[in-house]
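Worksheet: the structure to be examined is printed underneath.
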Amino acid sequence: MRTIVLLAFASLLFFQTNGQDRNRCASHEAVKQQMAIDPVYAKKVEQLLKNKGNYSRSDKKGPPAQQRSITIPVVVHVLYNSAEQNISDAQVQSQIDVLNEDFGATNDDYNNYEAGYRSVKGDMDIQYCLVQIIRKQTKHKSFGFNDNMKYTQKGGSDAIDPMHMLNIWVCDLGNKLLGFAYYPGITPEKFGVVCHTNAFGRGEGYNLFAEYSLGRTTTHEVGHCFGLVHIWGDRTCGSDEVDDTPLHDSPNFGCPEEGHLSTCTGTPLEMWMNYMDYTDDRCMYFFSDGQVSRASFFIDSDPQLTSIINSSCGTARRTNDDITNVSNSNVNSSRTILTNDLIIYPTITAGQLTLSFSKTTVAKAEINIYSQAGSLMMKKQIAGKTVDQLDVSRLTNGIYFIEVSQGISRQTRKFVVQH
Ligand SMILES: [Zn+2]
């Protein structure tokens, strides 16, 4: 009996430390959950999943619109509970580097296993620029499978300008889950990638899960953002609605042998080396031409994706210094800002905006700047100041609203950016 218990315990330990025990991606579950509560999104996804008419094998290198190089501005939210989770700028940049390689087909392993699927290896021709890193300490030891990381009020960090930038949230998702993302069409502030801290970036010096240390979790999740479906179609021998990917029984884990065949109709060679499978990071290394064409369709037809890809990295710039780290940001201070206490000047500016709190010292207040259309453009937290400067030079000409909130107290002022 003792031996049996010990063996059972040993196998449990093995199972828990084996990469297959981790949930590589919860996107399918996340999408289903949203579809159940949001009929509009449900309809969009149903149309998305069956949409096959806008790309085909004959597109091979994609339609003309896809030939252009796209550069997508990215904002990364680093949510940390312990200091160790407050990953370095270098680790964040290493993930951007991986995205640039994987979406530019310049990754070192792109030419692996040429005997398998050489003729359909694609090139997304998409690049990414890191515009901003937001660091925020949270009371949550782990977020798990929900959207709380996307909301400051829930201990996370609000999306920044989601109509113009791809937001990526890096946080602890518990020991099992590595990441998730929604297909296009979701509420804009929920759009983007969520990735476990220990699967984000690439580098031996970083604290990463051994099987998921090459940054491919985020590559996979960005694939979902572009409308790509898991290669097994999320059911036994299901379709991913891409013509040049084979039928898969189910997800592959680890690193299958070359020549691994599916048991589905036609017993095709499984494309386990595709980014939309569940294999270890070192064993996935390309998108297919069909996936490139499908992604191109969504990039060109989804309003949010179209807006993001038409945004310029050049006009956006790093604003790390704008962000003040505040411990337990979702814990409200007991101090409040008095009505009419806030003065901003000049109300027409090309760059600097001064905020003056004339009657009381501000303690842990949140500042949000919105466009006239209601998009969140900038955010900042301040504490212990009566005067503060904001650099709004990266905003384009137009009318904006600045909202200062503290607990239930909220004040809004209007200003104009005129370059
Ligand atoms: Zn996935």
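Given the criterion more than 13 Å from the ligand (Cβ to nearest atom) and touching a residue at least 60 places away in the same chain (Cβ under 8 Å), identify the matching residue among Phe200, Phe180, Phe226. Explain how you work it out, then say what you get.
On the way: Phe180 fails: more than 13 Å from the ligand (Cβ to nearest atom); Phe226 fails: more than 13 Å from the ligand (Cβ to nearest atom).
Only one candidate passes the filter, namely Phe200.
Give the number of residues within the range 187-197 that are acidic (Asp, Glu) and within 11 Å of the ligand (Cβ to nearest atom).
Initial filter on the range 187-197 (acidic (Asp, Glu)): 189.
Okay, now just the ones that are also within 11 Å of the ligand (Cβ to nearest atom), so none.
Matching residues across the range 187-197 total 0.
Sort through Cys283, Cys237, Cys255 and tell me the only one that's away from the ligand (no atom under 14 Å from the Cβ), more than 22 Å from Tyr110 (Cβ to Cβ) and in the same structural domain as Trp169 (by TED's automatic domain parsing). First the steps, then the outcome.
Details: Cys283 fails: more than 22 Å from Tyr110 (Cβ to Cβ); Cys255 fails: more than 22 Å from Tyr110 (Cβ to Cβ).
Just one listed residue meets the conditions, Cys237.
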### Task
Starting from residues that are touching a residue at least 40 places away in the same chain (Cβ under 8 Å) and not in a loop (DSSP other than H, G, I, E, B), keep the ones in the range 258-278 and report whichever is farthest from the ligand (Cβ to nearest atom).
Leu269
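Might you let me know whether the range 213-223 holds any residue that is of a type outside the set (Lys, Arg), under 21 Å from Asp109 (Cα atoms), open to solvent by 10 Å² or more (accessible area, probe 1.4 Å) and more than 13 Å from the ligand (Cβ to nearest atom)?
At the first step, the residues of the range 213-223 found to be of a type outside the set (Lys, Arg) are 213-215, 217-223.
In the following step, the residues that additionally are under 21 Å from Asp109 (Cα atoms) were identified as 213-215, 217-223.
This time we only want the ones that are open to solvent by 10 Å² or more (accessible area, probe 1.4 Å), so: 213-214.
With the extra rule that they be more than 13 Å from the ligand (Cβ to nearest atom), the set shrinks to 213-214.
Looking for residues that are of a type outside the set (Lys, Arg), under 21 Å from Asp109 (Cα atoms), open to solvent by 10 Å² or more (accessible area, probe 1.4 Å) and more than 13 Å from the ligand (Cβ to nearest atom), one finds at least one in the range 213-223, hence yes.
The values are calculated or read from the model by the stated rules, or taken from the named source; none is laboratory data. Nothing here was measured: the structure is a model prediction, and the numbers come from that model. For neighbour counting, all protein chains shown are included, and Cβ atoms are generated from backbone atoms with ideal geometry for every residue, glycine included. Surface accessibility is based on the protein's heavy atoms, side chains included, excluding ligands, DNA and RNA. Shrake-Rupley method; radii C 1.70, N 1.55, O 1.52, S 1.80 Å.
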